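The values are calculated or read from the model by the stated rules, or taken from the named source; none is laboratory data. Only a predicted model underlies this, so the values are computations on that prediction, with no experimental measurement involved. Cβ placement follows ideal geometry from the backbone for every residue including glycine, while neighbour counts extend to all protein chains displayed. All accessible areas refer to the heavy atoms of the entire protein, side chains included, with ligands and DNA or RNA removed. Shrake-Rupley method; radii C 1.70, N 1.55, O 1.52, S 1.80 Å.
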Amino acid sequence: MCGIVGYIGKGVAQEVLLDGLRRLEYRGYDSAGVAFHEGHQFFMARETGRVGNLAQSIQRKCSSASLGIAHTRWATHGPVTVSNTHPHVSYDGKFIIVHNGVIENFFSLKRFLSQKKIEFTSETDSEVLCNLIAYNYSILQSDGDGFIESVRMALSKCSGAYGIAVICLDYPNTLIGARRGSPLVVGLGEDANFIASDASAFVGRAKDAVFLKDGELAILTGTDFRITTSEGQEAQAVTQPVDQISEEVDLGDFDSFMEKEIFEQPLALRNTLRGRFGDDGTTAKLGGLEGHQDELRNLDRIIFIACGTARHACMVGEYLIERLARVPVEVEHASEFRYRNSPNVGNSLVIAVSQSGETLDTLEAVREAKTKGLLTLGITNVVGSTLARETDGGVYQRVGPEIGVASTKAFSSQACLCAMLGLALGRMRDLSPVDGRSIVDALNGLPNLVSEVLQQGEQIRELAMKYANAEHLLFLGRQSLYPVALEGALKLKEISYAHAEGYPAAELKHGPIALINTECPSVFMVEGTELSAKTIANMQEVKARKGPVIAIVPQSVEIPEGSADDVFRLPDAHEVVRPILANLPLQLFAYHFARLRGLDVDKPRNLAKSVTVE
Ligand code: M6R
């Protein structure tokens, strides 16, 4: 979602800011802009479309400034136009702001400012905040802290979420950042300081980072910085080495990050699994949960909260944990959990799952759970993310940066961690050492099985070619393959824009079967359990109505003649790893299907990698 970069120092701001924006491109955006403070003026450039467009237009401005702010915008208030693109300048020309998040009371603030005859040039809530800062500045007795005070006053009037960077014409040596709800991190370099929505924007330039807490302001000069609370008291700055929180990302020989991330899953899973089994080889040992053994032993239920792909991984976890540990599990859309009057019964554990650790819906759901006194654990990929910092404990996925908007390796590792959690909880309860050992063996064997499936990628490309003209597809599976069906449909629609839906296979006859015709392929995942025959019967129902059927089937399951048009074989495997294996051909199918349509799989329209608004 929107990205912020700010720079103050002795170097050339233009170079640093454009480089930072490029590193934030993966978050998803639809326009980009930059502003510099140079001499006694501002220079600003804004373009719709890619950062490359912006770079071209700045070349013409040739700024040598050493203070500036930049932004990639993912439209919330107002369409994708140059005038809505950030940065925004205040009505008096003194302040420039970039903003992530949503100022929910922007309309009443705008009305207040309009009554003061202040005019607006955009439809954004961000310009309202910028004008409010300028208005405060105009009414304050301007002493040394007028800039900071105006920002603080304006923010105290805002409801909603913000991460901002602001510069002021009267303060050529000051850059201010502030956050509430949207992430913001300060980077500390030599003779230069940075502010960004994501530390990857200043990797290689800053040595240390300070994550701002909600309500905090950062006041930066080129050589110094301080953090204050929203009330203006000095706050403690906890620094972390940048190289521990962010890793360089490189496409290598792949055409897209999505393809690279699909194919690095064997390695990603090895990293997820490494060192996480007990010495007797019958259970999982998740370090981040060690301090909570008593609570885990006495659990009455688990509530997973997550969004999108992460929620599908949690649904896989629901089936596995209930089966292995006999603990009741609920999976909630984070955005729904937050506003529900969910009864607080027994010892409930909330597990929030988020690749980025910055999804606002998930974070707000965690905050709500904590308000209700629930124990919260996090499963996230990003070290030092807000989720990692705000939960009571948790587990890192360790799969390396996921850049493709379509989440792939993160799903596999989240589902794998859910299986490990099920194993650990099961062994604290009824699960026998023999069953525990067979699950440990299955999980340890997973990376090799993943490699085996990915080696058959060419067969999936051919299938994608065969069905490339389909505009409607169904994905179907039972039990732990039902969330895989949901995930297959999500993956396809988000990067190819074809319409796809996922259902439990048996649900087909309760409505979706009406969609079946020769143009609507159905992708069935067959379990390899006693339920296989029932799923095969569902396939035959589709065939009887002339619907094309693609079956994804374990090696040992026989598919009767005429019940599928195409069969993709998976290795026979333990039930705990089957959903992860069955999802791989669906990832590849979506990838090839979208590429055959000439689409950019890493930057699908309207989507953002990290969704930091509600
Ligand atoms: O960073 P998170 O795991 O919290 O992200 C959650 C969803 O926004 C994300 O999984 C989204 O659905 C992906 N684009 C799916 O590929």
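Residue pairs whose Cβ atoms lie under 8 Å apart, sitting 6 or more positions apart in sequence or on different chains, and linking a residue in the range 485-499 that is open to solvent by 10 Å² or more (accessible area, probe 1.4 Å) to a partner that is among the hydroxyl-bearing types (Ser, Thr, Tyr), are LEU490/THR309.
Looking at ILE559, ILE580, just one residue is within 23 Å of the chain's Cα centre (by Cα) and within 22 Å of TYR482 (Cβ to Cβ), and that residue is ILE580.
Right, GLU123: touching a Gly at 6+ places or on another chain (Cβ under 6 Å) and assigned to a loop (DSSP other than H, G, I, E, B) or not? Considered against the rule, which asks whether it is touching a Gly at 6+ places or on another chain (Cβ under 6 Å) and assigned to a loop (DSSP other than H, G, I, E, B), GLU123 comes out as yes.
Conditions (1) open to solvent by 20 Å² or more (accessible area, probe 1.4 Å); (2) free of Cβ contacts under 8 Å to residues at least 24 places away in the same chain; (3) in contact with a Lys or Arg (Cβ under 6 Å, 6 or more places away or on another chain); (4) outside the structural domain of LEU492 (by TED's automatic domain parsing), marked per residue:
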| site | (1), (2), (3), (4) |
| --- | --- |
| THR362 | no, no, no, yes |
| LEU377 | no, no, no, yes |
| VAL382 | yes, no, no, yes |
| VAL405 | no, no, yes, yes |
| VAL440 | no, no, no, yes |
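Among the conditions (1) assigned by TED's automatic domain parsing to the domain that holds GLU527; (2) among the polar types (S, T, N, Q); (3) part of a helix (DSSP H, G or I), ASN469 misses just one, which is (3).
Of the numbered criteria (1) out of contact with any Leu (no Cβ under 7 Å at 6 or more places or on another chain); (2) more than 16 Å from the ligand (Cβ to nearest atom); (3) under 21 Å from PRO483 (Cβ atoms); (4) of a type outside the set (D, E, K, R), the one GLN293 fails is (3).
In summary, strands (runs of 3 or more DSSP E) completely within the range 343-426 and bearing 3 or more residues that are within 13 Å of the ligand (Cβ to nearest atom) occur at 348-354, 375-380. Consider the range 197-238 and keep the residues that are over 22 Å from LEU360 (Cβ atoms) and basic (Lys, Arg). The one that is surrounded by the most Cβ atoms within 10 Å (Cβ to Cβ) is ARG205. Need the failing condition index for PRO554 against (1) in contact with a Leu (Cβ under 6 Å, 6 or more places away or on another chain); (2) modelled with pLDDT under 95, just the number. That leaves (2) as the condition not met. Across the range 67-97, the number of residues qualifying as in a loop (DSSP other than H, G, I, E, B) and among the basic types (Lys, Arg) comes to 1. Here GLU38 fulfils each of the conditions (1) surrounded by fewer than 20 Cβ atoms within 10 Å (Cβ to Cβ); (2) within 17 Å of ARG605 (Cβ to Cβ) apart from (2).
Of the set (1) at pLDDT below 95; (2) open to solvent by less than 10 Å² (accessible area, probe 1.4 Å), all apply to VAL577 but (1).
Here ASP572, ASP600, ASP566 are screened, and the one residue that is over 30 Å from GLY3 (Cα atoms), of a type in the set (Asp, Glu) and either open to solvent by less than 50 Å² (accessible area, probe 1.4 Å) or within 16 Å of the ligand (Cβ to nearest atom) (or both) is ASP566.
Have a look at GLU358, GLU332, GLU336 and point out the one that is charged (D, E, K, R), open to solvent by 10 Å² or more (accessible area, probe 1.4 Å) and touching a residue at least 40 places away in the same chain (Cβ under 8 Å). Unique residue meeting the criteria: GLU358. Out of all the residues in the range 55-62, is one or more touching a residue at least 40 places away in the same chain (Cβ under 8 Å) and open to solvent by 40 Å² or more (accessible area, probe 1.4 Å)? No; the residues of the range 55-62 include none that is touching a residue at least 40 places away in the same chain (Cβ under 8 Å) and open to solvent by 40 Å² or more (accessible area, probe 1.4 Å).
Filtering the range 513-541 to residues that are polar (S, T, N, Q) and open to solvent by less than 40 Å² (accessible area, probe 1.4 Å) leaves SER522, SER532, THR535, ASN538. For the range 314-342, a residue qualifies if it is in a helix (DSSP H, G or I) and of a type outside the set (A, V, I, L, M, F, W, C), and the qualifying residues are GLY317, GLU318, TYR319, GLU322, ARG323, SER335, GLU336. Residues that are open to solvent by 10 Å² or more (accessible area, probe 1.4 Å), farther than 19 Å from LEU584 by Cβ and within 14 Å of the ligand (Cβ to nearest atom) within the range 301-310 comprise just one, CYS307.
One residue stands out in the range 264-284 among those that are open to solvent by 40 Å² or more (accessible area, probe 1.4 Å) and touching a helix residue (DSSP H, G or I) at 6+ places or on another chain (Cβ under 7 Å): the one that is nearest to the ligand (Cβ to nearest atom), namely GLU264. Is there any pair with a first residue in the range 286-299 that is over 14 Å from ARG429 (Cβ atoms) and a second that is in a helix (DSSP H, G or I) whose Cβ atoms are under 6 Å apart and which are 6 or more apart or on different chains, and what are they? Taking only residues 6 or more apart or on different chains, not a single pair turns up.
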